[in-house]
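Working notes for the structure below.
The values are calculated or read from the model by the stated rules, or taken from the named source; none is laboratory data. Since we're looking at a predicted model, the values are computed, not measured. When we count neighbours, we look across all protein chains shown, and the Cβ atoms used for this are built from the backbone with ideal geometry, even at glycine. SASA here: full protein model, heavy atoms, side chains in, ligands and nucleic acids out. Shrake-Rupley method; radii C 1.70, N 1.55, O 1.52, S 1.80 Å.
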Amino acid sequence: MTSGPYNYSYIFKYIIIGDMGVGKSCLLHQFTDKKFMADCPHTIGVEFGTRIIEVAGQKIKLQIWDTAGQERFRAVTRSYYRGAAGALMVYDITRRSTYNHLSSWLTDTRNLTNPSTVIFLIGNKSDLDAQRDVTYEEAKQFADENGLMFVEASAKTGQNVEEAFLETAKKIYQSIQDGRLDLNAAESGVQHKPASPGRPLAAPPSSRDNCAC
Amino acid sequence: MSSFLKYHENSSVGVDEATIKDNVTYYKIKVKVGSVNWHVMHRYNDFVELHDKLVSDHGVGKELLPPKKVIRNKTPKFVEQRREALNVYLKEVLNYLKLSMPYEFAHFLDFHKYDIFFLLTDLAKTLYLEGDNLLENAKSYKFTPLELHAISERLKMACPPTEKQDQTYDFSHVLDFCSQLRSLDVEGSYEKYGTSNIILNELQFDFIPFKSLVNLRILGVPMRCIQSVGSLRDTLVNLSVLTATVISLNEFLLVDILHKEPSSIADTVKWKKLAMINFGNNNIENVDWAIKLVPRLQHLSLSSNKLKELCDISSLHELRILDLSMNSFSLCEKWHAKIGNVVKIELSQNKVESLRGFSRLYSLESLNLGCNVITDVEEVQHICKLPCLEYLWLTANPVASIIDYRVKVIEQFNSRMSEICLDNERASEKELDTARVLQALRVVKEGKIPTFLDNHTSHSFNKS
């Protein structure tokens, strides 16, 4: 295979959720473009981004759905949970209300994804420590109680942003290795890269199975 | 275009008529979804094939389909009976499967050609399998306005639960491809699309999913179809908007900006990387101020428009090539004050009478004035001192038909006459000899000293 952007073995599907204005789109932008978008417009419906990362020597393409936080888009965003391998749940450490809503986001996530979906809690805007409204300890405890992974990150400085996306991928990859996550299940949110480039489009139904093995 | 998910309550099918082609009877199925309709032709055997799948996978009653008949199945009476039976059959099946709309049934009715959701599932599969390949060989990819419209609309919709659980058909593959694509072609049309009543140039779309687009070519799509340029302002380098009845550049450059007033335009709407603009074959009458939103512009092509005069575009410091062929320029006054360091100007097929306006374009290397109305050979006096000019076209002007035209033009360039390439041809030795004689005569006539010396100094000064 050639090297470069088209060489990867898996596709992982992520979803980013959380209240309006917590910085979901900025986190995505920081992760895909390594830039901070100062005045990021409100997301309408959904946004999308990709990046290829490496976990345990395997190249993995992340397809990330960034959802609108506004309540009126809830019906739209709910429909994107299905088949996500990773869910990044974001709150704003300077606004307690966004933290208080986490349990409702978590309920949605648990109901609409599958049991193997990795849920990662991100306390965003960690650069604004002076205006902090939610302590690290409190959020950490919430995460532990609910079995979530957790970091505080900053889309502005980039602190911990890589880590959050990468740790999630590592956990998903581990689930694949352990066999807890079935690659062929439609809702797993994990896919193999199409086997060989240039495979005829009109593949017979039997070869529609996208597993390369 | 059709959106069955939205309008399934307001949709219908019917078998209207039967036609015989090459001794095979085809039934014309009319599909209606909301205000969109189209038709699709199928023979009885196609119905049988579909029916088998629907019976085995989707619980459609086996006895529903009118039975086969082997002999005498072409009599008009029988065909009419069968048409009516198939009409009833399709209506019943649609009614029964309205909510789940299985893939096979949707395909049978050509939903994958006209419906947002089904078109995108097929596109997703294509791009999942071929996308990386297409991106790798870096050719430009063509999306129809129908596909772009579908993508834009789909992003505003909730994604529906479907029986197609296969991730190969997931919409994310489409967006994944779009976000990496570098060269895009869009071609519009005012014709009805396929057998439907959809007109491509009435569909609206945006460029939001295209995050890395470098080259964009729009052909025959009116600007009112474009709702947003997304992040193109940060990435686009080459832009062509051809045959799109554009009247003014800002129709595209500010397409998503509501108040197109110079005073209210922020810096953020600048096209940061755009270097080549081609708006050939439109109805542009003026190069307006919006051009200043493209500070890195190097190549501006406005061939085949309705331009008469240029506005001040000297703020475009990097502009090198200006193609204004097939317009209505006549005077070209003081162009040195309007355009900066342009190297190449194409003005063929205009109405230019005089070369006076070009006399101080000191960076000019190439000037094409073919097919204009220059009559006096002395007009060349205005440009004969341009230090870098090397390529000049005056062919198909009245001046080109006078006796010894070439020699008379070349002669005026004095010491540089051997460097000039007139109408694609350098002066031959013979022409140069004649030119020198003419020059001597001119010296005598005008009583001037031969100008080699000062010409030489000014020449080297300008070159350095």
Task: chain B: relative contact order in percent, alpha carbon pairs under 8 Å with at least 6 residues between - done: 7
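For region B:4-108, report the translational diffusion coefficient in µm²/s to the nearest whole number, using Stokes-Einstein at 37 °C, 0.692 mPa s, and a Kirkwood Rh over Cα pairs.
Numbers: Rh = 14.3 Å.
Using the Kirkwood radius from Cα pairs, D works out to 229 µm²/s.
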Open item on the list: What distance in nm separates the two pseudo spin-label positions at B:Lys77 and B:Lys142, each 7 Å out from Cα along the beta-carbon direction?
Closed with: 5.1
Open item on the list: Report the rotationally averaged projected area of chain A based on its alpha-carbon convex hull, in square nanometres.
Closed with: 12.9
- [ ] Report the charge-dipole magnitude of the protein assembly as shown in Debye, nearest 20, computed about the Cα centre from +1 at each Lys and Arg Cβ and -1 at each Asp and Glu Cβ.
- [x] 880
- [ ] Quick one: which residues, 5 or more positions from B:Lys142 or on another chain, have an amide H under 5 Å from its amide H? H modelled 1.01 Å from N in the peptide plane, none for Pro or chain starts.
- [x] B:Asp185
- [ ] Mind grabbing the base-10 log of I(q)/I(0) for chain B at q = 0.10, 0.11 Å⁻¹? Debye formula, identical points on the C-alpha positions, no solvent, two decimal places.
- [x] -0.84, -0.93
TODO: Compute the distribution of all C-alpha to C-alpha distances in the protein assembly as shown, in bins of 20 Å from 0, and list the percent of pairs in each, rounded to whole numbers.
DONE: 15, 35, 28, 17, 4, 0
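Provide Rg over Rh for region A:65-182; use the alpha carbon set for both Rg and the Kirkwood Rh (inverse mean inverse pair distance). Let's see the in-between values first.
Details: Rg = 14.3 Å, Rh = 14.9 Å.
Radius of gyration over Kirkwood radius for region A:65-182 works out to 0.96.
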- [ ] Under 20 Å Cα to Cα from A:Lys125, which lysines show up? Leave out anything in the same chain fewer than 8 places away.
- [x] A:Lys24, A:Lys34, A:Lys35, A:Lys140, A:Lys156
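Sequence gap at least 6, Cα distance under 8 Å: using those rules, report the relative contact order of region A:1-101 to the nearest whole percent.
Details: 169 pairs, mean separation 39.7, N = 101.
Relative contact order comes out at 39 percent.
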TODO: State, to one decimal in nm, how far the label point of B:Asp52 lies from the label point of B:Asn341, with both points 7 Å from Cα in the Cβ direction.
DONE: 7.3
Task: Alpha-carbon centroids, region B:263-289 and region B:357-417: separation in whole Å - done: 32
Task: Partner chain coverage, peptide A:48-60 - average Cβ within 10 angstrom - done: 2
Open item on the list: Checking the cross-link filter: which lysines have an alpha carbon closer than 22 Å to that of B:Lys292, excluding same-chain neighbours under 8 positions apart?
Closed with: B:Lys260, B:Lys270, B:Lys272, B:Lys273, B:Lys306, B:Lys308, B:Lys334, B:Lys338, B:Lys344
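Any idea of the total accessible area buried by the B-A contact, 1.4 Å probe, rounded to 100 Å²?
Details: alone 22920 and 10830 Å², together 30860 Å².
By this definition, chains B and A bury close to 2900 Å².
For region A:10-192, with every protein chain kept in place, what is the accessible area per residue (1.4 Å probe, Å²)?
Per-residue accessible area for region A:10-192 comes out at 41 Å².
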Open item on the list: Going Cα to Cα from B:Lys53, which aspartates and glutamates come in below 15 Å? Please leave out same-chain ones fewer than 8 positions away.
Closed with: B:Glu63, B:Glu104, B:Glu163
Task: Calculated FRET value between A:Gln174 and A:Met37, using beta carbons and R₀ = 30 Å, to 0.05 - done: 0.40
Open item on the list: Assuming 0.36 nm per residue, please report the length gained on full extension of the stretch B:Glu17 to B:Leu99 beyond their Cα-Cα distance.
Closed with: 26.8 nm
Open item on the list: If I model a spin label as a point 7 Å beyond the Cα along the Cα-Cβ vector, how far apart are those points for A:Tyr136 and B:Ser183 in nm?
Closed with: 5.1
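Return a whole-number percent for the relative contact order of region B:4-108, with Cα pairs under 8 Å and 6 or more residues apart as the contact set. Walk me through the numbers before you get to the answer.
Values: 122 pairs, mean separation 29.3, N = 105.
Worked out over region B:4-108, it gives 28 percent.
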Task: For chain A, calculated [θ]222 nm from helices alone, where every DSSP H run of n ≥ 4 adds -39500 (n - 2.57) - done: -8000 deg cm²/dmol
TODO: Give, in nm to one decimal, the length gained when the segment between B:Lys334 and B:Arg43 is fully stretched (0.36 nm per residue of separation minus the Cα-Cα distance).
DONE: 97.7 nm
TODO: Per DSSP H run of at least 4 residues, take -39500 (n - 2.57); add these up for chain B, divide by its residues and hand me the 222 nm value, nearest 500 deg cm²/dmol.
DONE: -8500 deg cm²/dmol
Task: Length added when fully stretched, B:Lys68-B:Lys28, from 0.36 nm per residue minus Cα-Cα - done: 12.5 nm
